[in-house]
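Report on the following structure.
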Amino acid sequence: MPLIDPVLLKTRLGTQAGRFDVDALAACDSTSSELLRRAERGAPSGTVIVADEQSAGRGRRGRQWLSGPASSLTFSLLWRIPGSAAGLSGLSLAVGVAVARGLESLGARGVRLKWPNDVLFENDRVNSAQLGDKFAKLAGILIELSSDRRGVQVCIGIGLNLQTPEAELAQAAAGLDQTLAGPVDRHAVLAAILLALIEVLDTFAVNGFAGLKNEWQSRHAWQDHPVHLLADGEHSRSGICRGVDDDGALLLETSVGIERILAGDLSLRAA
């Protein structure tokens, strides 16, 4: 399968093409690592690195994200924001909204979001009360922040399964081929997500996550379901998932009331 063609991609981006500088690589260690190296050398906001293969792709909490040209789409976007990182809470959730918007614009159905940074596919053909049976991971998001004299530098890494993984994984995984009626066009998928990211990041710059909370909540996979919260892989507490607040913190209803949970190194699992 040929590399992403930046010229062809530009036609898909239309009037917003000038806001991106896309470089397509056959292989690299990690699109985010490569992007951060270029950022240190002064790469502009809107720089995008997309790679067919990653030898050391990174996910949340240091997990590896494997990729291949036919089965996945892995890319990272550099975005610079004036000011401090204090106003960026909920950014990973906002990016999840953008990924969902982009996929839905292509006709994808059953796209759901899970706190704090997973995009899921809901298989409505599965008749089960167990959340783990109905949802599978479609995409992951990794946000990395750094600051310099120009403000905050944000590296947004996204890994999306185009085809359902054949390997057995610890977490159920799905591919975009399960939710699109026709063939998956990588240029169309990348353009749709980049265009949605522009919209969401512009909204986030003005209103923060509060301006996107209702949209995130409308796609929340585990709303009002019992969940376990894990810290470093160990059971921490249980409760009912009540969504998120304006800062993107998880609202967990326990026996002592509503607890506000920040992302940190926590993971959410179905009870």
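The values are calculated or read from the model by the stated rules, or taken from the named source; none is laboratory data. Model, not experiment: these values are computed from the prediction. Quick reminder, even Gly has a Cβ in these numbers, built from the backbone with ideal geometry, and neighbours come from all protein chains shown.
Return the residues of the range 237-257 that are loosely packed, with under 14 Cβ neighbours inside 10 Å and in a strand (DSSP E or B); say none if nothing qualifies. Write out each step before concluding.
So the first thing to find is which residues in the range 237-257 are loosely packed, with under 14 Cβ neighbours inside 10 Å, and the list is 254-257.
Matches in the range 237-257: 254, 257.
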If I filter the range 67-98 down to residues being surrounded by fewer than 24 Cβ atoms within 10 Å (Cβ to Cβ) and in a helix (DSSP H, G or I), which single residue comes out as modelled with the highest pLDDT?
92
In the range 135-163, what count of residues is obtained for those that are surrounded by fewer than 21 Cβ atoms within 10 Å (Cβ to Cβ), part of a strand (DSSP E or B) and touching a Gly at 6+ places or on another chain (Cβ under 6 Å)?
1
I'd like to check something: does the range 169-184 contain any residue that is in contact (Cβ under 8 Å) with a residue 40 or more places away in the chain and assigned to a helix (DSSP H, G or I)?
yes
Residue that is out of contact with any helix residue (DSSP H, G or I) (no Cβ under 9 Å at 6 or more places or on another chain) and either hydroxyl-bearing (Ser, Thr, Tyr) or in the same structural domain as residue 155 (by TED's automatic domain parsing) (or both), where the choices are 41, 19:
41
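Name every residue in the range 117-134 that is modelled with pLDDT under 90, over 18 Å from residue 162 (Cβ atoms) and either buried (at least 21 other Cβ atoms within 10 Å of the Cβ) or of a type outside the set (Gly, Ala, Ser) (or both), in order of residue number. Steps first, please.
Narrowing the range 117-134 to residues modelled with pLDDT under 90: 123-134.
Then keep just the ones that are over 18 Å from residue 162 (Cβ atoms); that gives 124-134.
Of everything in the range 117-134, those that are modelled with pLDDT under 90, over 18 Å from residue 162 (Cβ atoms) and either buried (at least 21 other Cβ atoms within 10 Å of the Cβ) or of a type outside the set (Gly, Ala, Ser) (or both) turn out to be 124, 125, 126, 127, 130, 131, 133, 134.
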